[in-house]
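The block underneath contains the structure these notes are about, expressed in structure tokens.
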Amino acid sequence: MTYRINPTTNKKGLIIVERPHRGCRRVWSAFSQQDALERTQAAAEKSRADLSDFDLSTFDGAMEWNGHDLQCQSIIRFADLTQEMLEDDEEFARECIYLDWAMEVEEEEEART
């Protein structure tokens, strides 16, 4: 399947790519920083971990907690999106489609452009 950046999108939201030290990576999206903050806060509360080192009331603090035991974590906004990202990673492209940042393009249509 071929994907293309949607030029008419509202450009809101973000995609978080989590890479653990071992195992499979995880890609998820949020409609806004507030959405990501609330989802991360809920996950932190369920974790029963010691949260005293993290300020979960802020987006930066919540993302720090979210990534504290990962090898790396990437937070991607629409302005960071490139066509290469869509072409190289179908799972990432699917999250872009979910946020309406990208669209699937029929290969015939792609050949005409």
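The values are calculated or read from the model by the stated rules, or taken from the named source; none is laboratory data. If you're wondering where the values come from, they're calculated on a predicted model, not measured in any experiment. Note: ideal-geometry Cβ built from the backbone for every residue, glycine included; neighbour counts use all protein chains shown.
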Study note, to complete from the structure: With the first residue restricted to the stretch 64-89 and required to be among the hydroxyl-bearing types (Ser, Thr, Tyr), and the second required to be surrounded by 11 or more Cβ atoms within 10 Å (Cβ to Cβ), Cβ contacts under 7 Å at 6 or more apart or on different chains are SER74/VAL17
Revision key, fill the gap. Those residues of the stretch 68-92 which are modelled with pLDDT of 95 or more and small (Gly, Ala, Ser) amount to SER74
Practice item. Of the numbered conditions (1) within 27 Å of GLU107 (Cα to Cα); (2) under 10 Å from the mean Cα position of the chain (by Cα), ARG4 fails exactly one; give the number of that condition. Key: (2)
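Restricting the search to the stretch 21-38, which residues are more than 17 Å from ASP69 (Cβ to Cβ) and either surrounded by 14 or more Cβ atoms within 10 Å (Cβ to Cβ) or in contact with a strand residue (DSSP E or B) (Cβ under 9 Å, 6 or more places away or on another chain) (or both)? Break it down stepwise before answering.
First, pick out the residues of the stretch 21-38 that are more than 17 Å from ASP69 (Cβ to Cβ): 27, 29-38.
Those that are more than 17 Å from ASP69 (Cβ to Cβ) and either surrounded by 14 or more Cβ atoms within 10 Å (Cβ to Cβ) or in contact with a strand residue (DSSP E or B) (Cβ under 9 Å, 6 or more places away or on another chain) (or both): VAL27, SER29, ALA30, PHE31, SER32, GLN33, ASP35, ALA36, LEU37, GLU38.
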Study note, to complete from the structure: Across (1) over 16 Å from ILE5 (Cβ atoms); (2) modelled with pLDDT of 95 or more; (3) under 14 Å from the mean Cα position of the chain (by Cα), ASP60 clears everything bar (3)
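Might you let me know whether the stretch 12-19 holds any residue that is farther than 30 Å from GLU106 by Cβ and of a type outside the set (S, T, N, Q)? Write out each step before concluding.
We begin by selecting, within the stretch 12-19, every residue farther than 30 Å from GLU106 by Cβ; these are 18-19.
Adding the requirement that they be of a type outside the set (S, T, N, Q) leaves 18-19.
Yes.
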**Study point:** Where a residue in the stretch 36-52 is over 14 Å from ILE16 (Cβ atoms) and its partner, wherever it lies, is modelled with pLDDT under 90, with Cβ under 6 Å and at least six apart
**Key:** ALA44/LEU51
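Restricting to the stretch 54-93, count the residues that are over 18 Å from ARG39 (Cβ atoms) and surrounded by 14 or more Cβ atoms within 10 Å (Cβ to Cβ).
Step one: filter the stretch 54-93 for residues over 18 Å from ARG39 (Cβ atoms), giving 71-72, 78-93.
Those still in the list that are surrounded by 14 or more Cβ atoms within 10 Å (Cβ to Cβ) too: 78, 81, 85-86, 89, 92-93.
Going through the stretch 54-93 one residue at a time, the tally reaches 7.
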